[in-house]
Amino acid sequence: MSFGAPGGGSVNYKPTPPERGSFPLDHDGECKHIISGYLKCIKLNRGTNDEACRRLAKDYLACRMDKNLMAPDNFQNLGLMFKEDQEKSGASVAEPTQGTEQTK
C-alpha cells in the first residue's frame with residue numbers, strides 16, 4: 001500500500017540510463033591526482049566555471065580516456081575546446097558560459 005498516493009495506487013518508476021552509458025570507476029586511483037587538483041580549483045573559485053578548472057577537467061577526461069576508463073571522445077563534443085585547440089584543428093570554439101550568481 002502506498003500512503004499519500006491518490007486512490008492508494010502505486011507509482012511505477014522507470015529508471016533512465018546515463019546518456020553516455022556506464023563506465024568503470026577509477027578504483028586504482030590512476031587519475032586521482034588530477035581530480036583532486038580540479039576539486040581544489042573549483043573550491044578556490046567558489047564553483048565558477050573558471051578556465052583553469054576547465055583545463056583540469058579536460059586533463060582528467062584525457063587521463064580517463066588514456067587509461068581506458070571511458071570511451072574516447074572528441075573534446076569538442078564534451079564542451080572542452082580552447083582557443084589553442086581551435087588553432088590546431090581549425091574547429092570553431094564556443095565560449096564557455098559563466099555561472100550566474102543569484103542575489104538575495
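Each label was represented as a point 7 Å from its Cα along the Cα-to-Cβ direction; for Asn74 and Lys14 these points are 3.2 nm apart.
Ranked for footprinting exposure by Cβ neighbours inside 10 Å, fewest first, Glu30, Glu84 give Glu84, Glu30. Remark: relative contact order (the stretch 27-89) = 29 percent; criterion is Cα-Cα distance under 8 angstrom and separation of 6 or more residues. Short to long, the 10 Å bins of the Cα pair-distance histogram for the stretch 27-89 hold 21, 47, 30, 2 percent of all pairs.
Only the coordinates and a few stated rules stand behind these numbers; no lab work does. Worth saying up front: this structure is predicted, and the values here are computed from it rather than measured. Here Cβ is always computed from backbone atoms with ideal geometry, including for glycine, and neighbour counts include all displayed protein chains.
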